[in-house]
Amino acid sequence: TGAIRDVSCFVSAHFRPAKLNVAAIGNQVRQLHIHIVGRSPGDPAWPGVVWAFEGKEPYDSESVEVIRAAYVDSVRC
C-alpha cells in the first residue's frame, strides 16, 4: 500500500540501512500489522531475526522526536 511504501522510503532515506525487511506478522496479536525494519551489518541482531533478539533497547524520547519530525516533514504535501 501507499503507507508501507512511504514508511519504507523514509526508513531507507533516513537510516540508510543495508537492507530493508518488510513483514506482516499476526500470530501474537489479532490485528494485521506491518513491521518495516532497516537492517545493517552493525546492528546488534545482525544477521539474525530482530523479532527474537533479547538485547532490544528503546530510543530515548529526544531521538523519537527527531525521527518523528523527520518523518512528518518527509510526508508533507
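Here the contact order of the chain, divided by its residue count and restricted to Cα pairs under 8 Å and six or more residues apart, works out to 24 percent. Which residues in the stretch 13-27 have a backbone N closer than 12 Å to a point placed 7 Å from the Cα of W51 along the Cα-to-Cβ line? Answer for this model: 22-27.
Shown here: mean projected area of the Cα convex hull in nm², derived from the displayed model; of the candidates (1) 7.4; (2) 6.2; (3) 5.9, it corresponds to (2).
Every number in this text was worked out from the coordinates using simple rules, so none of it is lab data. Worth saying up front: this structure is predicted, and the values here are computed from it rather than measured. Cβ: placed from backbone, ideal geometry, glycine included. Neighbour counts: every protein chain shown.
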